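The values are calculated or read from the model by the stated rules, or taken from the named source; none is laboratory data. Just so it is clear, the structure is predicted and the values come from calculations on it, not from any experiment. A quick note on method: Cβ atoms are made from the backbone with ideal geometry, for glycine too, and the neighbour counts reach across all protein chains shown. Side chains are part of the model used for accessible areas, which takes the heavy atoms of the whole protein and leaves out ligands, DNA and RNA. Shrake-Rupley method; radii C 1.70, N 1.55, O 1.52, S 1.80 Å.
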Amino acid sequence: MSFAETEAETREIAASHGWGLDDLSIMELVAADDILEGDAITMFHPSEVELNRTTRAILDRAERLRPARVVIDSLSEVRLLAESSLRYRRQVLALKQHLARQGTTTLLLDDRSTTPDAHLQSVAHGVLSLYHLSPQYGAERRRLRVLKLRGRTYRGGYHDFSIRRGGLEVYPRLVAAEHHEDFPRDPFSSGDPNLDALLGGGVSPGTSLLLQGPAGTGKSTLAVQFAVAAARRGARATLFLFDEGIATVMTRSQGMGLGLRELLEADLVGVRQVDPAELTPGQFSHEVRREVEERGAKIVVIDTLNGYQHAMVEEQFLLVHLHELLAYLAQRGVLTVLVLAQHGIAGPGLISAVDTSYLADTVLLFQHREVRGELRQVLSTVKKRDGRHERTVRELLFGPGGLTVGRVVSEQVPAAEAVRTGTEPSAGPA
C-alpha cells in the first residue's frame with residue numbers, strides 16, 4: 001500500500017533486484033477517482049479525502065485478501081491527513097489492532113529518521129532505523145540500528161549494510177566473545193629457522209604479529225612468507241591488500257621464488273584487493289569473518305594498517321573496530337599478521353600513523369642501516385606477550401626462497417658504518 005510510488009515504479013524497482021511480484025497485491029493511494037471502484041486498484045490524493053476513508057480503504061483491502069504481511073509506504077501522508085498527533089496515534093493504533101487480529105504482520109515505513117516519531121515508536125512492536133552517511137570522498141555509507149523489539153533479544157548498536165541486487169546485505173556488529181572455540185596451539189613457522197629462533201620458536205595461533213618499519217625493509221614480503229609457509233603445511237591463509245595491487249604482490253613473490261601463484265591456484269592462499277573508497281569497518285569485518293568461518297583461513301594478513309586507516313578516515317573509534325576484530329580472530333585461533341609502515345625512510349624522526357603496538361601480541365621492528373655505502377635491513381623482536389624471544393638485532397637478507405635472518409649486528413658501530421636510526425657512531429673499534 002503505497003502513497004509514494006506508483007505500481008509501475010514498484011515493479012521497476014523489484015525487477016532491478018530480480019524479484020517477481022506475481023504473489024503481491026499492490027494498492028496505490030495516489031488519486032481520488034477510483035477509491036470505491038471494487039477490485040480495481042484504488043487511488044486518491046491524500047489532501048482531498050478524509051483520513052477515515054483512507055484507513056477504511058486499507059482495512060477493506062486487507063480483509064478481502066487476508067495477507068500475511070502488509071507494507072504501508074509511508075506514514076508521512078497519514079500524519080499530514082491526521083493534522084493532530086492524537087488523531088494520528090488513534091488511526092495508527094486502529095490499523096495495528098485490526099491487522100494484528102487477523103494475524104497480519106505490518107511494516108510501517110516512515111521517513112522521519114532525523115526526527116524520530118515518539119508516538120509511532122510507542123505503538124510499534126519493533127523499531128528499525130536506517131541511516132545514510134555521505135563522506136567527503138568515496139561511496140555513501142549506510143547503517144542501521146534496532147531501537148526496540150518487544151519480547152526478543154537483539155544486538156544493539158549500529159550495523160553497516162549495503163544495497164545490492166537482491167536486497168540489503170547487513171554486516172552485524174562484531175562481538176568477539178561470542179565466537180570462542182578450541183584450537184591447536186602449535187606455533188606457526190615463518191619458513192626460516194633463524195627467524196623462528198628470533199621469535200622464540202615461532203608465532204602462536206590466536207595471536208597478532210605486527211610488522212613495523214619504514215618503506216623498503218621487507219615487511220610485506222615477510223607477511224607473504226608467513227602465509228606461504230602456513231599454506232605449505234595445509235593451513236589456509238588470506239591476504240587483504242589495501243595498498244599494493246594483486247599483480248604487484250604476485251610479481252614480487254614470483255621473483256623471490258615464494259611460490260605464491262601455485263598456492264593461489266591450489267586454493268590454499270586467498271588474495272583480496274580492498275578498494276579504500278568503498279569500505280566500511282563492518283563490511284571489512286564481515287569479509288574477514290567469511291574467510292575464517294566459510295573458507296577456514298588460519299592466517300589473515302592485513303597489508304597495511306595505514307591503508308586500513310585511510311580507507312575509513314572519517315570513521316570514529318576505528319581502533320575499537322580493529323581491537324574487536326583482533327579479539328575475534330584470537331578467539332578463532334587465527335594468526336593475524338599486521339603490516340604498519342612508518343613515516344619516512346630513515347632517521348630518528350620515524351613515526352607511526354597508527355599506534356597499534358599495544359594491540360599486537362608480537363612486534364617485529366624493521367630498520368634501515370648503511371654499511372660502507374650500502375643500505376641494509378635489520379630486524380629485531382621488541383615484544384612477545386606469550387613467551388620468550390631473542391633480544392638481538394639481526395641482519396635481514398633478501399634472496400631466493402624469501403627473507404632469511406643473518407648474523408647478529410654488533411651494538412658498537414664505527415663511523416664508517418653509521419646507523420640511520422639515530423645511533424651515535426662508536427669511538428672505539430667495532
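Looking only at region 354-393, which residues are outside any strand (DSSP E or B), among the aromatic types (Phe, Trp, Tyr) and open to solvent by less than 70 Å² (accessible area, probe 1.4 Å)?
None; the set is empty.
I'd like to know if region 149-167 contains one or more residues that are more than 30 Å from Phe226 (Cβ to Cβ), surrounded by 13 or more Cβ atoms within 10 Å (Cβ to Cβ) and among the hydrophobic types (A, V, I, L, M, F, W, C).
Yes: one or more hits.
Quick one: which residue in Ala327, Ala346, Ala341, Ala353 is modelled with pLDDT of 90 or more, of a type in the set (A, V, I, L, M, F, W, C) and more than 17 Å from Leu195 (Cβ to Cβ)?
From the options Ala327, Ala346, Ala341, Ala353, the qualifying one is Ala327.
Please work out which residue is nearest to Phe3 (Cα to Cα), limiting yourself to region 74-102 and to residues that are in contact with a strand residue (DSSP E or B) (Cβ under 8 Å, 6 or more places away or on another chain) and modelled with pLDDT of 90 or more.
The qualifying residue nearest to Phe3 (Cα to Cα) is Leu99.
Can you find even one residue in region 226-248 that is crowded, with 17+ Cβ neighbours inside 10 Å, outside any helix (DSSP H, G or I) and on the phi > 0 side of the Ramachandran plot?
No, the conditions are met nowhere in region 226-248.
Suppose we filter Leu211, Leu222 for residues that are in a strand (DSSP E or B) and either within 27 Å of Arg369 (Cα to Cα) or acidic (Asp, Glu) (or both); which single one remains?
That would be Leu211, the only listed residue that is in a strand (DSSP E or B) and either within 27 Å of Arg369 (Cα to Cα) or acidic (Asp, Glu) (or both).
Six or more apart or on different chains, Cβ under 8 Å: which pairs go from a residue in region 81-93 that's within 14 Å of Ser122 (Cα to Cα) to one that's at pLDDT 80 or above and not in a helix (DSSP H, G or I)? Could you list them?
Listed by first residue and then by second, the contacts come to Val92/Leu108.
Would you call Gly167 within 30 Å of Glu140 (Cα to Cα) and modelled with pLDDT under 95?
yes
Hey, can you tell me all the residues within region 206-218 that are open to solvent by 10 Å² or more (accessible area, probe 1.4 Å) and more than 21 Å from Val408 (Cβ to Cβ)?
Selection gives Gly206, Thr207, Ala215, Gly216.
Out of Gly216, Gly202, Gly206, I need the residue that is small (Gly, Ala, Ser), more than 30 Å from Ser2 (Cα to Cα) and at pLDDT below 90. Which one?
Only one candidate passes the filter, namely Gly216.
I'd like to check something: does region 255-277 contain any residue that is surrounded by 22 or more Cβ atoms within 10 Å (Cβ to Cβ) and either closer than 18 Å to Ala360 by Cβ or among the polar types (S, T, N, Q) (or both)?
No, region 255-277 contains no residue that is surrounded by 22 or more Cβ atoms within 10 Å (Cβ to Cβ) and either closer than 18 Å to Ala360 by Cβ or among the polar types (S, T, N, Q) (or both).
I need a count of the residues in region 27-52 that are at pLDDT 50 or above and surrounded by 15 or more Cβ atoms within 10 Å (Cβ to Cβ).
Counting residues in region 27-52 that are at pLDDT 50 or above and surrounded by 15 or more Cβ atoms within 10 Å (Cβ to Cβ) gives 6.
Scan region 275-330 residue by residue and report those that are of a type in the set (Gly, Ala, Ser) and either in a helix (DSSP H, G or I) or within 16 Å of Tyr137 (Cα to Cα) (or both).
Ala277, Gly282, Ser285, Gly307, Ala311, Ala327, Ala330
Here is a list of conditions, (1) open to solvent by 90 Å² or more (accessible area, probe 1.4 Å); (2) of a type in the set (D, E, K, R); (3) farther than 30 Å from Lys298 by Cα, and Asp117 meets all of them except one; can you say which number that is?
(1)
Can you work out which of the residues in region 280-297 that are within 20 Å of Leu144 (Cα to Cα) and open to solvent by less than 10 Å² (accessible area, probe 1.4 Å) is nearest to the chain's Cα centre (by Cα)?
Top of the filtered list is Phe284.
Quick check on region 260-269. Is at least one of its residues without any contact (Cβ under 8 Å) to a residue 40 or more places away in the chain, of a type in the set (D, E, K, R) and touching a helix residue (DSSP H, G or I) at 6+ places or on another chain (Cβ under 7 Å)? If you could, list the steps in order and put the result at the bottom.
If we filter region 260-269 for residues that are without any contact (Cβ under 8 Å) to a residue 40 or more places away in the chain, which is where we start, we get 260-268.
Subsequent filtering for residues that are of a type in the set (D, E, K, R) retains 261-262, 265, 267.
Now restrict to residues that are touching a helix residue (DSSP H, G or I) at 6+ places or on another chain (Cβ under 7 Å): 261.
Yes, because at least one residue in region 260-269 is without any contact (Cβ under 8 Å) to a residue 40 or more places away in the chain, of a type in the set (D, E, K, R) and touching a helix residue (DSSP H, G or I) at 6+ places or on another chain (Cβ under 7 Å).
For region 181-205, what are the residues that are surrounded by fewer than 13 Cβ atoms within 10 Å (Cβ to Cβ) and within 28 Å of the chain's Cα centre (by Cα)?
Within region 181-205, Glu181, Asp182, Pro184, Arg185 qualify.
Listed residues Ser134, Ser85; which is of a type outside the set (Val, Ile, Thr), in contact with a His (Cβ under 8 Å, 6 or more places away or on another chain) and over 25 Å from Glu28 (Cβ atoms)? Break it down stepwise before answering.
Values: Ser134 fails: in contact with a His (Cβ under 8 Å, 6 or more places away or on another chain).
Testing whether each residue is of a type outside the set (Val, Ile, Thr), in contact with a His (Cβ under 8 Å, 6 or more places away or on another chain) and over 25 Å from Glu28 (Cβ atoms) leaves just Ser85.
In region 94-120, how many are β-branched (Val, Ile, Thr) and in contact (Cβ under 8 Å) with a residue 12 or more places away in the chain?
Within region 94-120, residues that are β-branched (Val, Ile, Thr) and in contact (Cβ under 8 Å) with a residue 12 or more places away in the chain number 3.
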